[in-house]
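Heads up: the structure comes next, in structure tokens.
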Amino acid sequence: MGKDEANKKNWVFIIGVLVLCVGMQFANYGTAVCLSAEVTKMDAMQYYVLISAFGTLGMLLILPIVGKLTAILGQRNMIVIGIIIQLVGRILMMFTATWVPYGLAYLLQSIGGGFYISCAYVLMPMAVQAHERAKFFGYIAVANAIGAICGPILISAMYSAGGIVGKLAYIANLPLTIIGFLMVLPHCPNTKTPGASKGFDFLGLILTVVGLTCMVLWMNLGGKMFAWASAISLVLLAVTIICIAWMIRRELSISNPAVPIKMFRNKRLTFAFIGSLVAAAYSTCSGSYCVMWIRMNFSEFPATTLFNGTATTAQQIVILILGFFLGAYIGKKFVKRFRVFGILSMVAAMAATGILYCLKFTGTAAGGDLVVIGPSIPLGMIVIYIATAIGGFTSVVAQSTFSAFWQSNTPREDVPSGAALYNFGATGGSVIFGSVVGVVLGSSNDYTRAFATGFVFATIGLICAIIGFRFSKEEIAAAEQAGA
């Protein structure tokens, strides 16, 4: 790729990819604000954890087979199908008044998002050189931050306005999504792999869907709609174990699997997957459980909606600032610098979740008096802003470097499948973490338990980062010789 060609063609393409990212996060973070308020109106707060999990369950179900579907349908068609499905789901959310259809519509739009959420990490490497990936993945982090900052503020304002404007909040991301797609359209590959659909592993797909769905239902509804020791609980647990174990064994033994489990033999992908899972668990704390904690404790404050909309603002500002240069800085000497920053990102996740747990001592939900600074600023919001600012470091490192790490030894033709599995880690992290939190919370409204659970996840992530975030001695020596 010539330099002039890259400047003329790829910048339009690159900006289109970034606009798609803005639209996706605009919707994801903004809808989280609507979700808590809508579920409260439906008098279904006991099912909030389950409904929230539906928002990522759809992605969790579709991402393992995105690589295979891309080979069959082509990348461009995958984006189009995803946008349409997501739009239909969000329109249905606008007109449902009970929690079951609302949750199913949320699930549907999540499936649509799963079709194209990983496209940024597939398309961007096509537009830049390998040594530039960390830098441009940092720009993806910036784009995600812009969407995450603007989405909650604008969507919460639209939702609070009520009426038609409140309904339109659910599809406020549509203009950005369409503009981004039109910008990438001229250069978006739509190549289909010959024979990719031959012998498609439908059994593996069914086992994946059934196993993961039963797992989420068991972990979220246990202790609420049925007792842990009840027959339905045991059946769901048994089906989960059997289906997932059968799926893994099958996918490792056939030549054309629906879920490319064999890619986890790449240790870099495996440890990046774990790191993305931890980063997703932290993001779920900041994006979902902070919002719920605010709603539980600050219901008497007239600025509650504003507090909800700004819960992750400090985090996104940090990402916005660091994303412009941190990826580029690490990328200049990636082999030398990645390990240190990867480990520090897990330390930051531990610090952020630990500080969020301190909300237990500032709010009313746990039985204490609400601590307020001055006439109207709750101490809890200061704690949230500090914690999420620290957690922003975790997010920007994960988004700008983890993909570059696993792609460093992955053949180009395997990148779509790898990107889907990597994003499955991020999405799966949210669902698995949400399910574990559902068990930890039980019937309690003490959402600081979620933050304590996040601290445990981050601790495990730190251990894995120390073990797996490394390059070989030969690669380090080559990098030192090349000055990289």
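The values are calculated or read from the model by the stated rules, or taken from the named source; none is laboratory data. Predicted model only: the values in this text are computed from it and were never measured. Cβ placement follows ideal geometry from the backbone for every residue including glycine, while neighbour counts extend to all protein chains displayed. To get the accessible areas, we keep the full protein, side chains included, count just its heavy atoms, and leave off ligands, DNA and RNA. Shrake-Rupley method; radii C 1.70, N 1.55, O 1.52, S 1.80 Å.
Values as computed for the structure displayed
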read-out: Of (1) 21, 50, 23, 6, 0; (2) 17, 31, 35, 16, 1; (3) 24, 60, 16, 0, the label for P(r) over Cα pairs in 20 Å bins from 0, in percent derived from the coordinates; value: (3)
read-out: Burial order of peptide ranges 112-123, 445-456, 201-212 (average beta-carbon count within 10 Å, highest first); value: 112-123, 445-456, 201-212
read-out: Vicinal HN-Hα couplings computed from phi for region 94-104 (Karplus, 6.51 cos²θ - 1.76 cosθ + 1.60; Hz; Gly/Pro x); value: 5, 10, 10, 10, 10, 6, 5, x, 4, x, 5
read-out: Counting all C-alpha pairs of region 212-282, share separated by more than 22 Å (%); value: 44 percent
read-out: Protection-proxy order for peptides 221-234, 179-192, 28-41, each taking the mean of Cβ atoms within 10 Å per residue, highest first; value: 28-41, 179-192, 221-234
read-out: Hydrodynamic radius by Kirkwood, which averages 1/r over all alpha carbon pairs of region 157-256, in angstrom; value: 18.1 Å
read-out: Along each principal axis, Cα extent of region 235-363, largest first, Å; value: 59, 51, 23
read-out: Alpha-carbon centroid distance for the pair region 128-146 / region 424-448, whole angstrom; value: 29 Å
read-out: Per residue value of the accessible surface for region 387-460 (all protein chains in place, 1.4 Å probe), Å²; value: 27 Å²
read-out: Segment HIS187-SER253, extension gain: residue separation times 0.36 nm, minus the distance between their alpha carbons; value: 20.1 nm
read-out: FRET efficiency estimate (nearest 0.05) - Cβ-Cβ, PHE226 to ILE91, R0 25 angstrom; value: 0.15
read-out: Extended-chain gain in nm, criterion 0.36 nm per residue less alpha-carbon gap, PHE200 and MET45; value: 51.7 nm
read-out: Charge sum, other residues only, whose C-beta stays under 14 Å from LYS135's C-beta, Lys/Arg counted +1 and Asp/Glu -1; value: +3
read-out: Computed [θ] at 222 nm, helices only, for the chain once each DSSP H run of length n ≥ 4 contributes -39500 (n - 2.57); value: -23500 deg cm²/dmol
read-out: Packing-based order for 279-292, 349-362, using average beta carbon neighbours within 10 Å, highest first; value: 279-292, 349-362
read-out: Apportionment of accessible area to carbon and sulfur, the chain, percent (1.4 Å); value: 70 percent
read-out: Region 121-280 - accessible surface per residue (Å², probe 1.4 Å); value: 46 Å²
read-out: Whether region 49-199 is rounded, prolate or oblate, judged on the alpha carbon gyration tensor where a/c under 1.5 counts as rounded; value: oblate
